[in-house]
Amino acid sequence: MNYALVTGGSRGIGRAICIQLAKDLGYHILINFRGNETAANETLSEINSAGGTGELLQFDVSNAEDTAKALQAWQENNKEAVIEILVNNAGITKDGLFMWMKDEDWNSVMDTNLNGFFNVTKPLLQPMLLNRFGRIINVVSLSGLKGTAGQVNYAAAKGAVISATKSLAQEVAKRNVTVNAVAPGFITSDMTKDLDEKELKKLVPLNRFGTPDEVAHLVSFLASEKAAYITGEVVNINGGIYG
Ligand code: NAI
């Protein structure tokens, strides 16, 4: 059996990615969630309805110890298994002008979006290298490329993950492990539910927000054998706002 781990898989873009990977690639999906087990179970039943398999794996990506413990315990119970696909999707925003930004809003955004990437990727990398096949896909953001007023913390974290993506890709390419990022613009999810969609969509040449499914198709392609020669890349998915 082949295994894929999606962080923050209980809802939104993460849920769509879980379902798409199961459908397209037939991987057994490890659905990471932090607190909402009911939502994570809903993702699992959608995977099952699509004919796939999966299981829940609870940990907080921002907590190094919690993450290491959960991944170790899983590995001990699944000794021969290799997680070949890792999608670092878990993310949060704490928007506000930099001038007024609280320490905790800076730190929590860094801890989840940037340190979360480190905490999850580090323990999974060595098995992928020994396996001589792996796919790491980081969900970043338009903000991490172009910058956004009110998101200095988030843009800094996502920008750092973009640089980490390019650097790690160069370190591990020889072992057939690719590392890429996808950078969504406005996607309909809980993260964007309080935005003024009617106004903001005017900024988008395609004149609408994207859907989690559209992002999931891109991730699924990058995770597949078909994308074997793509690494260190950041793929925009933003309806034409920026490229
Ligand atoms: P969402 O808020 O619905 O989903 C985020 C997921 O991450 C949730 O399942 C949440 O529980 C999980 N999560 C947050 N902190 C976590 C932690 N410490 N440990 C484990 N899981 C944690 O939002 P959405 O839109 O689905 O976001 C998914 C990714 O896409 C995020 O990385 C976000 O930054 C990125 N993104 C979203 C855009 C959008 O317009 N919705 C645009 C650009 C990037």
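Before moving on, here are some points about what is shown:
- Prolate/oblate/rounded call for the chain, Cα gyration tensor, a/c under 1.5 rounded: rounded
- Potential extension, Asp213-Phe98 segment - 0.36 nm per residue separation minus Cα distance: 38.2 nm
- Between Asp60, Asp196, Asp213, the Gaussian network model of the chain with springs among Cα atoms under 10 angstrom shows the greatest mean-square fluctuation at Asp196.
- Using Cβ point charges alone (K and R +1, D and E -1), the dipole size of the chain about the Cα centre works out to roughly 680 debye.
- Accessible surface of the chain, 1.4 Å probe, proportion on carbon and sulfur as whole %: 50
- For the range 163-243, GluC sites (Glu not before Pro) are listed when DSSP marks them as loop and at most 16 other Cβ atoms sit within 10 Å of their Cβ; the list is Glu233.
- Virtual paramagnetic centre 7 Å along Cα→Cβ of Gln58, amide N under 12 Å, in the range 1-33: 33
- Length released on extending from Phe118 to Lys174, taking residue separation times 0.36 nm less the Cα-Cα span: 18.1 nm
- What the range 3-237 shows is 49 Å² of accessible area per residue, with the surface traced by a 1.4 Å probe over protein heavy atoms.
- Beta bridges per DSSP with both ends in the range 3-237, % antiparallel, nearest 5: 0
- Ser224/Asp66 FRET efficiency (R0 35 Å; Cβ-Cβ; nearest 0.05): 0.70
- Accessible-area order (highest first, 1.4 angstrom probe) of the listed residues Phe118, Phe186, Phe59: Phe118, Phe186, Phe59
- Residue list for the range 139-183, given a label point 7 angstrom along the Cα-to-Cβ vector of Glu199 and an amide N cut-off under 18 Å: 148-151
- Peptide packing: for 146-158, 73-85, 101-113, the average count of neighbouring Cβ atoms within 10 Å per residue gives the ranking 146-158, 101-113, 73-85, highest mean first.
- Relative counts (whole %) of C-alpha pair distances in the range 121-243, using bins that are 10 Å wide: 13, 40, 31, 13, 2
- Too-long pairs where the Cα-Cα distance tops 29 Å, listed order kept, from Lys198/Lys226; Lys79/Lys166; Lys69/Lys158: Lys198/Lys226; Lys79/Lys166
- Global form of the range 1-78, assessed from the alpha-carbon gyration tensor, a/c cut-off 1.5: oblate
The values are calculated or read from the model by the stated rules, or taken from the named source; none is laboratory data. From a predicted model like this one, the values you see are computed outputs, not experimental measurements. Neighbour counts are summed over all protein chains in view; Cβ atoms, including those assigned to glycine, are modelled from backbone coordinates with ideal geometry. Side chains are part of the model used for accessible areas, which takes the heavy atoms of the whole protein and leaves out ligands, DNA and RNA. Shrake-Rupley method; radii C 1.70, N 1.55, O 1.52, S 1.80 Å.
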